[in-house]
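As structure tokens, the structure follows; a few thoughts come after it.
The values are calculated or read from the model by the stated rules, or taken from the named source; none is laboratory data. The shown structure was predicted, so the numbers you read here are calculated from the model rather than taken from an experiment. Cβ coordinates were reconstructed from backbone atoms using ideal geometry, including for glycine residues, and neighbour counts include every protein chain displayed.
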Amino acid sequence: MAIWLARLSVNRWRLALAPEGAAAAAALPTALITDTAHGPRIAAANDAGLAAGAQAGMLLADARALCPQLTAVPSDPAGDLAFLEKLALWAQRWGPWSALDPPDGLLVDVTGAAHLFGGEERLLADVAAACARRGLTVRAALAPTAGAAWALAHYSSHFRQPAAILAPGDDPLRLLGALPVAALRLDDDVLTVLRRLGIKRLGELAGVSGEGDDPARETAARDAFARRFRNRRSPAANPLIRLDQLLGRVPEPLLPVIAKPQPMVQRRLMEPIRHRDLLDRVVDDLAQDMVRALEARGEGARRLELGLWRVDGEVLQRRIELAVATREASHITRLFAARLDDVDAGFGIEAVQLRASWSEPLSLSQADLDAAAEQHGTSLAACIDRLSVRLGPQAVTRPVARASHLPERAQGWQPPLDPVPPPPSQLFGGTLAFHTRPLKLLDRAERIAVLYASPDGYPQRFRWRGQVREVVRVEGPERIAPEWWRERSTARLRDYYRIEDDAGRRYWIYRQGIAGDGRGGVPDWFLHGLYA
């Protein structure tokens with residue numbers, strides 16, 4: 001069964017409005033817009049906007065020339081997709097599994113389930129009624145294949161009935177031959193090619209793809225037609241593959257949407273609580289229950305959401321995010337304690353719920369047998385969590401390794417709660433052995449004046465920040481080539497040296513370029529780091 005939510009973005013926008021303002025907003029011409037290179041463009045419009053002349057794909061300036069009162073609202077494709085995923089789980093009431101058909105459709109496997117609703121027609125009627133109660137405009141169809149069901153759902157206006165049913169014994173080409181070739185879910189450029197070839201209907205495409213009374217002649221015609229799309233492996237770019245999928249000759253793999261239950265624990269209190277010490281005790285009990293639930297799943301929490309239901313019906317939400325997955329109840333309680341200072345209990349809190357909306361695999365580990373180390377030490381992850389809760393996640397950053405062999409690009413900074421990228425050794429598929437780097441790298445390498453015996457010899461004396469330093473020991477060079485995929489072809493390589501002056505101070509300097517390399521004049525020298 002294919003379910004087409006023809007007005008998904010508009011329905012979702014209307015449902016997000018407050019009930020008292022939804023009717024007034026629906027009466028105003030409104031368009032959902034998206035930013036493009038040529039300016040804002042209309043993605044969808046409500047009924048009043050369509051009546052005023054706004055159409056999907058039209059520039060906002062052109063639409064306002066027709067209707068100056070048109071209200072523009074930013075579209076939210078990511079939110080529409082998340083809403084569609086929730087609808088896919090809800091649609092499993094009609095079948096054992098469902099799949100997404102972005103951007104505005106669902107596919108539900110209803111094999112052997114239609115009799116539970118009284119037949120195919122009553123099943124489609126139940127779909128229409130259930131979606132109407134939710135404020136959704138849908139069109140549904142049943143067919144033996146996903147492609148045929150999609151074609152019927154999107155082009156049922158070509159038939160007399162509002163929703164079509166294609167039985168397994170029916171001839172698909174006889175019933176669907178009059179549909180346009182766009183019913184095959186093809187890309188726009190492929191549809192343009194077919195129109196230039198004079199193919200506008202499915203029946204016309206079937207005539208050149210092997211459907212006829214003379215098998216030999218039709219096979220030759222199919223081969224000649226297939227050569228135009230030989231290099232197009234994507235089903236959406238090959239009309240022959242799409243036609244075979246619609247007829248059931250080629251299987252069409254679908255990715256089902258699987259619900260992942262989130263660990264949740266809650267307490268319904270016998271008496272509403274108003275005091276902070278009682279609330280802390282309830283939160284601690286919930287943290288203990290959450291740890292047991294996570295341990296049974298072999299996971300640790302990365303994001304926890306605490307819901308507080310007051311007697312007057314208001315719900316208070318508090319959320320924390322953790323730097324690493326954890327199952328430590330005391331740590332969870334301590335973090336929430338810093339977020340509950342501004343809670344207004346009102347006439348009392350009657351229910352408390354704790355939910356782990358983000359969890360990661362976390363295996364069991366042996367606890368530290370040295371209790372003194374736990375009492376006097378604090379892990380880095382726990383310290384990051386406390387600072388993030390107290391100061392905000394934007395006030396704390398952590399260093400991370402980057403996949404670059406240039407020293408100034410080998411490290412970056414990111415918020416502590418963002419996922420940590422894999423180390424460079426995993427990115428390159430092996431173990432990378434880097435040379436010893438100084439403990440202090442300058443934010444920007446500083447130019448120095450170096451005296452040396454020959455253009456490619458060791459440095460003997462250099463001037464840095466107005467002082468001349470005598471070199472007594474030299475190690476190197478360590479040659480680092482430029483990143484040719486992101487720099488210009490004139491970028492010069494570097495030769496790094498570890499040097500020590502007569503006072504025992506050690507430096508990390510490099511020569512940029514080699515004399516006669518054809519990428520510049522005399523090589524330049526820079527000081528990049530200091531050793532302790």
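Which of (1) closer than 30 Å to Gly95 by Cβ; (2) not in a helix (DSSP H, G or I) is the odd one out, the single condition Asp244 does not satisfy?
Single failed check for Asp244: (2).
Select, from Leu278, Leu255, Leu294, Leu247, the only residue that is touching a residue at least 40 places away in the same chain (Cβ under 8 Å) and farther than 30 Å from Asp101 by Cα.
Step by step, each of Leu278, Leu255, Leu294, Leu247 is checked, and only Leu294 is touching a residue at least 40 places away in the same chain (Cβ under 8 Å) and farther than 30 Å from Asp101 by Cα.
On the basis of being part of a helix (DSSP H, G or I), modelled with pLDDT of 70 or more, loosely packed, with under 11 Cβ neighbours inside 10 Å and of a type in the set (A, V, I, L, M), does Ala224 make the cut?
When the stated conditions are applied, Ala224 passes them.
Being surrounded by 19 or more Cβ atoms within 10 Å (Cβ to Cβ) and farther than 22 Å from Ala2 by Cα is the filter here; which residues of region 65-89 pass it?
Result: Leu70, Ser75.
Step by step: first the residues of region 329-347, then only those that are out of contact with any helix residue (DSSP H, G or I) (no Cβ under 7 Å at 6 or more places or on another chain) and crowded, with 16+ Cβ neighbours inside 10 Å, then the one that is farthest from Leu391 (Cα to Cα). Which residue is that?
Ala345
Give the residues of region 76-94 that are closer than 21 Å to Glu120 by Cα and aromatic (Phe, Trp, Tyr), sorted by residue number.
Correct list: Trp90, Trp94.
Just one of (1) in contact with a Pro (Cβ under 6 Å, 6 or more places away or on another chain); (2) modelled with pLDDT of 85 or more trips up Ala491, so point out which.
Result: Ala491 fails condition (2) only.
Does region 459-482 contain any residue that is in a loop (DSSP other than H, G, I, E, B), touching a Ser or Thr at 6+ places or on another chain (Cβ under 9 Å) and surrounded by fewer than 17 Cβ atoms within 10 Å (Cβ to Cβ)?
no
Which condition breaks for Glu305 when tested against (1) touching a residue at least 40 places away in the same chain (Cβ under 8 Å); (2) over 25 Å from the mean Cα position of the chain (by Cα); (3) closer than 15 Å to Met264 by Cβ?
Of (1) touching a residue at least 40 places away in the same chain (Cβ under 8 Å); (2) over 25 Å from the mean Cα position of the chain (by Cα); (3) closer than 15 Å to Met264 by Cβ, only one is false for Glu305: (2).
Considering each residue of region 503-530, count those that are touching a strand residue (DSSP E or B) at 6+ places or on another chain (Cβ under 7 Å), at pLDDT 90 or above and not in a strand (DSSP E or B), and give that number.
So the count comes out to 0.
Here is a check on your reading of the model: is Leu106 outside the structural domain of Ile33 (by TED's automatic domain parsing) and closer than 21 Å to Thr36 by Cα?
Answer is no for this residue.
Are there helices (runs of 4 or more DSSP H) fully within region 1-108 with at least 3 residues that are without any contact (Cβ under 8 Å) to a residue 24 or more places away in the chain? List them.
19-27, 47-51, 60-66, 77-90
Regarding Leu246, is this residue crowded, with 19+ Cβ neighbours inside 10 Å and modelled with pLDDT of 90 or more?
yes
Yes or no: Arg479 closer than 19 Å to Ala410 by Cβ and in contact with an Asp or Glu (Cβ under 7 Å, 6 or more places away or on another chain)?
Considered against the rule, which asks whether it is closer than 19 Å to Ala410 by Cβ and in contact with an Asp or Glu (Cβ under 7 Å, 6 or more places away or on another chain), Arg479 comes out as yes.
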